[in-house]
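Data block below; observations after.
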Amino acid sequence: AYAKVQRTLRREIAAHRHLCFTLGFMMGDWPLIAAREAIRQKRRFSVKLDRVEGPILQDRAQTLAQRAGVKLLIPAAYATLRHVLSKSTVALLQGADTYDFYASHAPDPHCIYNTHTSVAEQISPIDLAAKQTRVRSGAPLRIVYLGRAAPMKGPFDWLDALHRLQSQNVPFEATWLGDGPNLEAMRQRVAELGLTHHVTLSGFEDRRDVLLAALKDSDVLMFCHKTPESPRCLVESLVCGCPIAGYDTAYPRGLIAQYGGGVFSPQNDPAALAHTIATLHADREGLASLIAQAAQSGTLYNEDAVYAHRANLMKRA
C-alpha cells in the first residue's frame with residue numbers, strides 16, 4: 001500500500017495549512033512517511049512523540065533473533081527520527097522522559113501531556129477531606145494501579161513490593177485494574193506469596209467512572225514502570241487526589257514539579273519501593289499532606305488546558 005498512501009499524503013499535505021505528524025519509530029510508520037513528504041515539499045510542520053521507543057522494543061524482544069533485529073533497527077530508527085526532528089518547526093514531546101531524550105534534536109521542543117480528564121472529574125474538596133480523615137485514622141493503606149498486566153509495567157516488581165510490605169506488617173489493600181499477558185501469572189504469584197487476602201487483580205475494566213472512582217478511593221498509586229514512557233494513569237491519579245509512588249524517572253518527577261504529590265525510589269528496586277510505601281504508612285500526617293499536594297498538581301491537567309496549549313503550539317508550525 002506504500003505507493004497509494006504516499007500519493008494520498010502528498011496531496012493532503014499540499015492542501016492543508018497546519019501539519020502535525022505523530023511519529024512512531026520507523027518500520028511501517030505512515031506519519032514518518034508524511035513528515036518526509038512535508039520536508040520534500042519544504043513545508044513547516046510539527047511532530048509529536050509519545051515515548052522513547054528503543055527500550056520498549058528491547059523489553060518486548062523475547063528470542064535471540066528478535067533481540068538481534070532490534071539491535072540493528074534502533075540506531076537507524078533514531079537517526080531517522082533525529083533528521084525529521086531537525087527539520088520540524090515545533091516538536092511536541094510527551095512527558096519529561098521523551099522531552100529529555102529528543103529535545104536537543106529539535107529547533108523548538110516543548111514538553112506536553114496527554115489527558116482526557118475534565119475539570120468536573122477532579123476530586124471534590126469534600127471527597128479530598130474524607131480521604132485525608134481516613135488516612136489519619138490509621139486505616140489500612142489503599143494501594144492501586146491502572147494499566148496492562150505486561151512486562152513493561154513491572155507487575156512482578158509490584159507484587160514483590162507488596163510482599164515486602166506484608167512481611168513488615170504494613171496493613172494494606174491493593175488492587176490492579178487491567179488485563180494483559182501477565183495477568184494469569186500474576187494470579188499464580190499472588191497465591192505463592194500468600195497475598196490472596198490483600199491483593200485483588202480485577203482484570204479488564206473500561207468504565208471510566210469506575211476507574212476514576214478507584215483512584216479517588218485510594219491512598220496511593222504504586223507503579224513499577226520498566227521503560228521510559230508517559231502513562232496517562234499517573235496524570236489521572238493526581239487529578240483524583242491520589243499520590244503517585246514508584247520508580248523514579250523524569251516523567252513522574254515532571255508531573256509533580258510545581259506542587260508535589262509523589263515520592264519515588266530507584267529503578268528496578270522493589271525493596272526500596274516497599275520502604276517508601278512503609279514510610280508513608282508510618283507518617284499518616286505526611287501522607288495526608290501528600291494527598292493534598294497530589295490534588296493540587298492534578299488541577300494542572302485537564303483536557304481543555306492541555307489541548308489548548310497544544311493547539312497554540314501547532315499553529316506556530
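The values are calculated or read from the model by the stated rules, or taken from the named source; none is laboratory data. Note that the structure is predicted; figures quoted are calculated from it, not measured. Backbone-built Cβ (ideal geometry, glycine too); neighbour counts: all protein chains shown. The area values use the complete protein model at the heavy-atom level, side chains included, leaving out ligands, DNA and RNA. Shrake-Rupley method; radii C 1.70, N 1.55, O 1.52, S 1.80 Å.
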Quiz item: With a sphere of radius 12 Å drawn around the Cβ of LEU85, what net charge do the other residues whose Cβ falls strictly inside it have (Lys, Arg +1; Asp, Glu -1)?
Solution: +2
Exercise. Report the calculated FRET efficiency for ALA130 and GLN258 (r = Cβ-Cβ distance, R0 = 22 Å), to the nearest 0.05.
Key: 0.30
Quiz item: For helix 125-136, what angle does its Cα long axis make with the longest principal axis of the chain, in degrees from 0 to 90 and rounded to 10?
Solution: 50
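Nearest 20 debye, what's the magnitude of the dipole of the range 158-204 about its Cα centre given +1 on Lys and Arg Cβ and -1 on Asp and Glu Cβ?
100
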Quiz item: What percent do you get for the relative contact order of the range 1-81 when only Cα pairs under 8 Å and 6+ apart count?
Solution: 27
Quiz item: Per residue, what accessible area does the range 200-264 have, given a 1.4 Å probe and all protein chains present, in Å²?
Solution: 33
Exercise. Choose one of ILE277, ALA213, PRO151: the residue whose Cα lies farthest towards the positive end of the charge dipole of the chain (beta-carbon charges +1 Lys, Arg; -1 Asp, Glu; about the Cα centre).
Key: PRO151
Quiz item: Nearest 10 degrees, 0 to 90: what angle lies between the long axis of helix 183-192 and the longest principal axis of the chain (Cα atoms)?
Solution: 30
Self-check item: Shape box of the range 64-154 [Cα atoms, principal axes, largest first, Å]
Solution: 55, 39, 19
Quiz prompt | Debye intensity ratio I(q)/I(0), log10, the range 247-303, q values 0.16, 0.22 Å⁻¹ (C-alpha model) | solution = -0.54, -0.91
Quiz item: HIS225's amide H: which non-local residues (gap 5+, or another chain) put their own amide H closer than 5 Å, with H modeled 1.01 Å from N in plane and none for Pro or chain starts?
Solution: TYR247
Quiz item: Using the per-residue mean of other Cβ atoms lying within 10 Å as a proxy for protection, in what order, highest first, do the peptides 306-316, 39-49 fall?
Solution: 39-49, 306-316
Self-check item: Cα centroid of the range 259-300 to Cα centroid of the range 1-39, whole Å
Solution: 43
Practice problem: On the protein heavy atoms, probe 1.4 angstrom, tell me the percent of accessible surface of the chain carried by carbon and sulfur. | Solution: 54
Practice problem: Would you please give the residues with an amide H less than 5 Å from that of THR22, counting only those at least 5 places away or on a separate chain, with H modeled from the backbone geometry? | Solution: LYS48
Quiz prompt | Net charge, LEU49 excluded, C-beta distance under 15 Å - Lys, Arg +1, Asp, Glu -1 | solution = -2
Quiz item: In the neighborhood of LEU128, defined by Cβ-to-Cβ distances under 14 Å, what is the net charge if each Lys or Arg adds +1 and each Asp or Glu adds -1?
Solution: 0
Self-check item: Degrees between helix 30-40 axis and first principal axis of the chain (Cα, 0 to 90, nearest 10)
Solution: 40
Quiz item: Can you tell which of ALA61, GLY95, TRP30 lies farthest toward the positive end of the dipole of the range 1-102, using +1 and -1 charges on the Cβ of basic and acidic side chains (Lys, Arg; Asp, Glu)?
Solution: TRP30
Quiz item: How high is the relative contact order of the range 73-137, given as a whole-number percent (alpha carbon pairs under 8 Å, six or more residues apart)?
Solution: 26
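Which of the residue pairs LYS131/LYS216; LYS48/LYS216; LYS42/LYS87 have a Cα-Cα distance greater than 19 Å in the structure shown? Provide the component values of the computation, followed by the final result.
Working: LYS131/LYS216 8 Å; LYS48/LYS216 31 Å; LYS42/LYS87 9 Å.
From LYS131/LYS216; LYS48/LYS216; LYS42/LYS87, over 19 Å: LYS48/LYS216.
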Quiz item: Between PHE156 and ARG40, what is the label-to-label distance in nm when each label sits 7 Å out along the Cα-to-Cβ direction?
Solution: 4.7
Quiz prompt | Model label zone, THR299; criterion: amide N under 12 Å from point 7 Å along Cα-to-beta-carbon; scope the range 241-264 | solution = 259
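Using only DSSP helix segments of four residues or longer, with each worth -39500 (n - 2.57), what per-residue ellipticity at 222 nm results for the chain after dividing by its residue count and rounding to 500?
Details: 14 runs with 164 residues, N = 317.
Here the helix-only value at 222 nm equals -16000 deg cm²/dmol.
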Self-check item: Point-to-point label distance, HIS116-ALA76, nm (Cα→Cβ direction, 7 Å offset)
Solution: 3.5
Quiz item: Once both labels are modelled 7 Å past Cα along the beta-carbon direction, what's the TYR2-ALA61 spacing in nm?
Solution: 2.3
Exercise. Quickly rank 102-113, 191-202 as a protection proxy: mean count of other C-beta atoms within 10 Å, highest first.
Key: 102-113, 191-202
Quiz item: What residues qualify as long-range amide H neighbours of LEU141, i.e. H under 5 Å apart, gap of 5 or more or another chain, H built at 1.01 Å from N?
Solution: PHE172, GLU173
Exercise. Just need the relative contact order of the chain here, percent rounded to a whole number, with Cα pairs under 8 Å and 6+ apart.
Key: 19
Exercise. Please state, as a whole number in µm²/s, the translational diffusion coefficient that the Stokes-Einstein equation yields for the range 180-317 at 10 °C and 1.306 mPa s, with Rh defined as the Kirkwood radius across alpha carbon pairs.
Key: 96
